[in-house]
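> Sending over a structure as structure tokens; questions will come in a sec.
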Amino acid sequence: MNPVAARSVDFSDVQGLVRFGYVHLTEGCYYLLRVSDAARARSWLRGAPVADAVERKPSPSEAMQIAFTATGLLALGVPPDVVAAFSAEFVGGMSGDESRSRRLGDVGANAPANWRWGGAGAVPHLTVMLFAQPGGLAALEARCTAEWAGAFEILGRLDTSNLGGVEQFGFTDGVSQPALDWNRQRDPAGDQLGYSNVVALGEFLLGYPNEYGKYTERPLLDDTAAAAELAPAEDVPAKRDLGCNGTYVVLRQLRQDVRGFWQFAARHSGGDATQAVTLAANFVGRTQDGAPLVAGGATTIPGIGPKPADIALNGFTFDDDPDGVRCPKGAHVRRSNPRNADLPRPPANVLAQLIATLGLGPHRFGEDLTSSTRFHRLLRRGREYGPGLPAVDALQPAPPDDAERGLQFVCVGANIGRQFEFLQNAWLMSTKFDGLSGESDPLMGNRQPIPGCPVAAGFSMPREGTVQRRFDDLPQFVTVLGGAYFFMPGLRALRYIAGASV
Amino acid sequence: MILARLDASRMAECRRTLASMNGLPGTANPRNALLPFAQFERLHFARLLVIDDQTLDDVTLYGLPRREEPVYLALLGDVDGDVPTFLRDLAQRAESGLRTIFSYCAGFSAAEDLLGWMSAHEVSARTNYTNWVGRTVGNVREEAALADAILEYLQRTPSLAQSPARDVHTAVRAFVAEELRAGRLTLTPPAPTPLSWWLRNVVNLIGVPLLLLLFAIPLAIVALAALVRIRSLERTDPELCPRVGAERVALLSVLEDHDVMNPFSAIGSLKPGIVRLATAAFVLWLVDYTTRHIYNRGRLARVHTIHFARWVLLDQGRRLLFCSNYDGSLDSYMDDFINKVAFGLNLVFSNGIGYPATQWLVAGGAKDEQKFKNFLRRHQLPTDVWYNANPGLTAVDLERNGRIRDGLQAELDESGARAWVALL
């Protein structure tokens, strides 16, 4: 790809969530809607004040984002052959078939049959995400629900709460995020020999080249009147790109058993609070304030810094901790992002690179088992829900009216299969990640046994020079309560959808 | 591999019979009545599948008429030791079930001599890959039991929890020695390599490079000419990698991910012309050399997840069948293909019709991620019955267990003991 010829991104066509977390808009909720009157729904959508990704001063006091499921697009009258040209995961839906559920670990307590929403008969058509400054959400909600009355039926409203950047288990949230190559300077061709936090724009927005230098599949329409407003596809200029500046959103409601989490840590620490905190940090792979368990501070990783705090928190890889002595291989942040590159070790020269590519070089056991990170990044935009519960209080037994708490998990990406599903399947739920055995993600794991592996509830903490510490009785801390795959269109595509005729 | 034409009119019936052997979709009940795989202690993996190629129309891309290739029934097994003995064993101990299974094959009569018929229908692979040559099913099981016993011993011996690695090693050695004495563990010494196998291997080891050297000059000329020809073909060869329909994907994926590993089976037609066939055959021959002598210790190039794989040319070289047993789900398998060994995949499969465009046989191809994934799914066949003697154990698990065992053979120095203890 020639970066000179690449068109620059039209931020006014991108929904803001791709670029911003809207952290200053501390109030938020996600409406899950079903279309009850398609004509009125389209009419409301045409006028909906959806926030774009243009940077504004002062920053806006509220924001609305809209994304559709495949059934939602059909309900709004988008032609079936157009919908079918979106990715197979999106068209099939998160809970669409048991094989997908099995891959995602949505079995046992996590099975869609037990979900509050998103399972059979309860798949939303769209989500409207509302964000507002403190005190502003109620008015925004009242306005929206009044406006769309008759157009939609409210399937659910997912609340969020602002815990000051800390997730429910008590750890700083959202510390590491990929840096999007908004200026389209990245050339991902060839082997990437070092970990980079900069990721090709096409990994997060449709219509641009991804980390393979290719355009991800999406609906390309004939140049008809209905599609006239859509941007021409960069790779197929004769076609109109419905995906351009749009992306997919994965939304999952995850209940967190905060009491179970801290009580487990306390039980295995002989009641020593400091040890319990250390154990919990090993599950996560960071301390509660976000500091990595391996030494940070590396300044040479592209896309990290220049802020000292970012370098301190994210300037690290696991290269110097191959056995997981400092940060267990199974720790949540290490599973979610192994921070590796395309080859196991940066080769010194072309010959060494060739030898490494052929798998002929010196090899240590357990090396080169995980996939290259750059093809599997997530841009997370989730928010907590329910009241916070400090670790100390979590040690107390739950009162009868204990509030529910958890995460409204949101991630944005252009390829659900290669990003969210791969991460969920091969890295988080896998009991065999990176040579481990009998353990899934310490936070997210469903602990379901699989043939030949009766124990899936383990966790191992290697120790320098002696036997690793091993647990084999982790309870399930996180339960999936609902979920769906959405397409978050660019604003021109949104107008196409809103103008779609039945 | 036993391969026989299926009586096409009885395909559905055959598939129903095959499905009756399963406990989970696509996964054999190891003690099923027709072919109780678990009885065969030399068998690592086995599969039965109907080879019903959905891509026979692909040749029309080259202006050739569609050719009605046979629908086959295939029985594949990965076994320790020699195949004739295994087949004899199979025919003896599962005769009636095998007769039922093969009764769907054209020309198989009740009066057939089963062993003779199977031997006559045996097809050998152009290329075989074995993750760890010489590791038997017995080794796998004994070493897994060893690793489990050691873990359990460590769990109930908290005094060792903080001990220096050498002390741990000494204590575990003593524990294992006692378990062996008491007969609670067994570690069968490796069987001597059969002389004939060893001889064949040495002849191959020396013979192939010798042959290449001997004909280096004519070979180089032919290879160069072929490469130039292929480069020109690459510019015009059509791609055929549309997304596979949801129904077909559902039919395939319902069979997957019931264990930590999966079978993969796929078939496709080679591009027409002698150059492509010769290239495929030559590359497969070379790959077979590397899997015999180089990639026989835990990884195929950089891929650690394949237990066994084979490439078989069918129908006078018109079609290629690929079958493997791999760890993880199909998406991570394809990820390895694309990001770790795209060049290798390209060398072989770019000779197949519709493969994403390559340059000089190695570049491009699988690197076109979505097209490649579509291509693979499109050519994938449902593996009707799959048997895995050791569910739940990845190739890395097997290597780790083997290393644990090896480390018990002798005293270790400090660094050796540390590395060994890190395996536990």
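The values are calculated or read from the model by the stated rules, or taken from the named source; none is laboratory data. Everything numeric in this text was worked out from a predicted model, so none of it was measured. We place every Cβ from the backbone using ideal geometry, glycine too, and count neighbours over all the protein chains shown. Heavy atoms of the whole protein, side chains included, go into the accessibility calculation; ligands, DNA and RNA do not. Shrake-Rupley method; radii C 1.70, N 1.55, O 1.52, S 1.80 Å.
> Summarise the partner chain shielding of A:466-474 as one whole number: the mean count of Cβ atoms from other chains within 10 Å of each residue's Cβ.
That average works out to 5.
> Can you tell me the equivalent ellipsoid semi-axes for the range A:216-279? Use √(5λ) from the Cα gyration tensor, largest first, whole Å.
Details: eigenvalues 621, 27, 10 Å².
So the three semi-axes of the range A:216-279 are 56, 12, 7 Å.
> Here is a follow-up. Which order do the peptides B:131-139, A:146-154, A:465-473 take when ranked by the mean count of other beta-carbon atoms within 10 Å per residue, highest first?
Result, highest mean first: B:131-139, A:465-473, A:146-154.
> Mind giving me the nanometre distance, one decimal, between the label points for B:Ile294 and B:Glu112, set 7 Å out from Cα along Cα→Cβ?
4.1
> Would you mind calculating the relative contact order of the range A:335-477 from Cα pairs under 8 angstrom and at least 6 residues apart, reporting the percent as a whole number?
Rounded, it is 17 percent for the range A:335-477.
> Let me ask something else about it. Highest mean first, how do A:266-279, B:188-201 rank when packing is the count of other Cβ atoms within 10 Å averaged over residues?
Ranking, from highest mean packing down: A:266-279, B:188-201.
> Just from the alpha-carbon atoms, what are the Rg and Dmax of the range B:350-424 in angstroms?
When restricted to the Cα atoms of the range B:350-424, Rg and Dmax are 21.3, 56 Å.
> If you take all C-alpha pairs in the range A:41-131, what percent of them are over 23 Å apart?
41
> For the range A:351-475, state the semi-axes of the equivalent ellipsoid (square roots of 5 times the eigenvalues of the alpha-carbon gyration tensor), sorted largest first and rounded to whole angstrom.
In descending order, the three semi-axes are 34, 22, 14 Å.
> How shielded is A:451-464 by partner chains, expressed as the average number of their Cβ atoms within 10 Å of its Cβ atoms?
Numbers: counts 10, 11, 7, 1, 2, 1, 0, 1, 0, 1, 0, 3, 4, 3.
Per-residue shielding by partner chains comes out at 3.
> Right, another one. Taking the 0 to 90 degree range and rounding to the nearest ten, how far is the long axis of helix B:395-407 tilted relative to the main principal axis of chain B, both from C-alpha atoms?
30
> Provide a whole-number value for the mean count of partner chain Cβ atoms within 10 Å of the Cβ atoms in peptide A:354-364. Please list the in-between numbers first.
Values: counts 0, 0, 1, 7, 8, 12, 6, 1, 0, 5, 1.
Per residue, the average neighbour count from other chains is 4.
> For chain A, what does the equivalent ellipsoid look like in terms of its semi-axes, each the square root of 5 times an eigenvalue of the Cα gyration tensor, given largest first in whole Å?
36, 29, 21
> Okay, moving on. Stokes-Einstein diffusion coefficient for the range B:155-200 at 25 °C in a medium of 0.890 mPa s, Rh from the Kirkwood formula over Cα pairs: what value in µm²/s? Can you show the working numbers first?
Values: Rh = 13.4 Å.
Rounded to a whole number, D works out at 183 µm²/s.
> Could you order the peptides A:112-122, A:59-69 from most to least packed, using the average number of other C-beta atoms within 10 Å per residue?
A:59-69, A:112-122
> Determine, from the Cβ-Cβ distance of B:Ser20 and B:Arg66 and an R0 of 35 Å, the FRET efficiency 1/(1 + (r/R0)^6), rounded to the nearest 0.05.
Numbers: r = 33 Å, r/R0 = 0.94.
Efficiency computed from Cβ-Cβ geometry: 0.60.
> Let me ask you something else. For the range B:265-345, just the Cα atoms, rotate onto the principal axes and tell me the three extents in Å, largest first.
35, 28, 19
> When a/c reaches 1.5 or more, the comparison of a/b and b/c decides; with that in mind, is the protein assembly as shown rounded, prolate or oblate per its Cα gyration tensor?
oblate
> Taking chain B as the reference, fit the longest principal axis to its C-alpha atoms, fit the long axis of helix B:369-379 to the helix C-alpha atoms, and give the angle between the two in degrees, 0 to 90, nearest 10.
80
> How far, in nm, would the chain grow between A:Asp472 and A:Arg56 when pulled straight, counting 0.36 nm per residue and subtracting the alpha carbon separation? Please list the in-between numbers first.
Details: separation 416, 0.36 × 416 = 149.76 nm, distance 5.11 nm.
Result for the pair: 144.7 nm of gain on full extension.
> Ok, one more. What net charge do the residues around A:Val250 carry, taking every other residue with its C-beta under 11 Å from that of A:Val250, with Lys and Arg at +1 and Asp and Glu at -1? Write down the numbers at each step before the final one.
On the way: positive: A:Arg252, A:Arg380, A:Arg381; negative: A:Glu89, A:Glu421.
With Lys, Arg at +1 and Asp, Glu at -1, the net is +1.
> Just in the range B:96-182: which GluC sites (Glu not before Pro) are loop by DSSP and have at most 16 other Cβ atoms within 10 Å?
When the GluC sites (Glu not before Pro) of the range B:96-182 are filtered for loop state and at most 16 Cβ neighbours within 10 Å, B:Glu112 remain.
> Can you tell me the FRET efficiency between B:Arg318 and B:Leu210 if r is taken as the Cβ-Cβ distance and R0 is 30 Å, rounded to the nearest 0.05?
Efficiency, from the Cβ-Cβ distance: 0.45.
> List the extent of the Cα atoms of the range B:1-71 along each of their three principal axes, largest first, rounded to whole Å.
49, 25, 21
> If you don't mind, another one. Give me the net charge for the shell around A:His376: Cβ to Cβ below 9 angstrom, other residues only, Lys and Arg +1, Asp and Glu -1.
+2
> Compute the distribution of all C-alpha to C-alpha distances in the range B:103-198, in bins of 5 Å from 0, and list the percent of pairs in each, rounded to whole numbers.
Per 5 Å bin, starting at 0, the Cα pair percentages come out as 2, 9, 13, 13, 11, 11, 9, 9, 7, 6, 5, 4, 2, 1.
> Separation between the A:His268 and B:Ala33 pseudo-spin-labels, each 7 Å from Cα along Cα→Cβ, expressed in nm?
The modelled label-to-label distance comes out at 4.7 nm.
> Calculate for chain A the 222 nm mean residue ellipticity that helices alone would give, adding -39,500 (n - 2.57) per DSSP H run of length 4 or more and normalising by residue count, nearest 500 deg cm²/dmol.
-5000 deg cm²/dmol
> Which angle from 0 to 90°, rounded to the nearest 10, does the C-alpha axis of helix B:137-155 make with the longest principal axis of chain B?
Approximately 40 degrees, to the nearest 10.
> Continuing with the same structure: Could you run the Karplus curve 6.51 cos²θ - 1.76 cosθ + 1.60 with θ = phi - 60° over the range A:243-251 and give me ³J(HN,Hα) per residue in whole Hz, x for Gly and Pro?
x, 3, 6, x, 7, 9, 10, 9, 10
> One quarter of the convex hull surface, Cα atoms only: what value does that give for chain B in nm²?
Numbers: hull surface 94.3 nm².
Average of the hull's projected areas for chain B equals 23.6 nm².
> Using only alpha carbon pairs under 8 Å that are at least six residues apart, calculate the relative contact order of the range B:327-402 and give it in whole percent.
24
> Scale the Cα Rg of the range A:329-385 by the rule-of-thumb value 2.2 N^0.38 Å and send over the ratio, two decimals.
Dividing the Cα radius of gyration by 2.2 N^0.38 Å gives 1.47.
> Follow-up question, since we're still on this one. Per DSSP H run of n ≥ 4, the term is -39500 (n - 2.57); total these for chain B, divide by its residue number, and report the mean residue ellipticity at 222 nm rounded to 500 deg cm²/dmol. Don't skip to the answer; put the middle values down first.
Details: 15 runs with 190 residues, N = 424.
Using -39500 (n - 2.57) per qualifying helix, the result is -14000 deg cm²/dmol.
> Calculate how large, on average over all directions, the projected area of the Cα convex hull of the range B:123-259 is; give the answer in nm² to one decimal.
Mean orientational projected area (the range B:123-259, Cα hull): 18.0 nm².
> Defining a contact as two alpha carbons under 8 Å apart and six or more residues distant in sequence, what relative contact order in percent does the range B:1-121 show?
Answer for the range B:1-121 is 36 percent.
> While we're on this one: Using 0.36 nm per residue of separation minus the Cα-Cα distance, give me the extension gain between B:Arg93 and B:Val228 in nm, one decimal. Write out the running numbers ahead of the final one.
Details: separation 135, 0.36 × 135 = 48.60 nm, distance 5.35 nm.
Extending this stretch completely gives an extra 43.3 nm.
> Am I reading the B/A interface right? What is its buried accessible area, both sides, 1.4 Å probe, to the nearest 100 Å²?
4200
> So if I average 1/r over every pair of distinct C-alpha atoms in the range A:109-242 and take the inverse, what Kirkwood radius in Å does that give?
Evaluated on the range A:109-242, it is 19.7 Å.
> Let me ask another. List the pairs from A:Lys57/A:Lys214; B:Lys271/B:Lys371; A:Lys329/B:Lys371; A:Lys239/B:Lys340 whose alpha-carbon separation is above 27 Å, in the order I gave them.
The answer is A:Lys57/A:Lys214; A:Lys329/B:Lys371; A:Lys239/B:Lys340.
> Using 1/(1 + (r/R0)^6) with R0 = 35 angstrom and r between the beta carbons of A:Thr300 and A:Gln275, what's the FRET efficiency to the nearest 0.05?
Values: r = 35 Å, r/R0 = 0.99.
Approximately 0.50, to the nearest 0.05.
> Assign one of three labels to the range B:52-117, namely rounded, prolate or oblate, based on the Cα gyration tensor with a ≥ b ≥ c the square roots of its eigenvalues; rounded applies when a/c is under 1.5, prolate when it is not and a/b is larger than b/c, and oblate otherwise.
It comes out prolate by the Cα gyration axes.
> Out of all Cα-Cα pairs in the range B:164-226, roughly what percent, to the nearest whole number, are more than 20 Å apart? Can you show the working numbers first?
Values: 1253 of 1953 pairs.
In whole percent, the share of Cα-Cα pairs in the range B:164-226 beyond 20 Å is 64.
> Report, as a whole number in µm² per second, the diffusion coefficient that Stokes-Einstein gives for the range A:281-350 at 20 °C and 1.002 mPa s using the Kirkwood radius over alpha carbon pairs. Could the numbers behind the result be given before it?
Numbers: Rh = 12.7 Å.
Translational diffusion coefficient: 169 µm²/s.
> When Lys and Arg each count +1 and Asp and Glu each count -1, what net charge do the other residues less than 14 Å away from A:Asp472, Cβ to Cβ, add up to?
That works out to +1.
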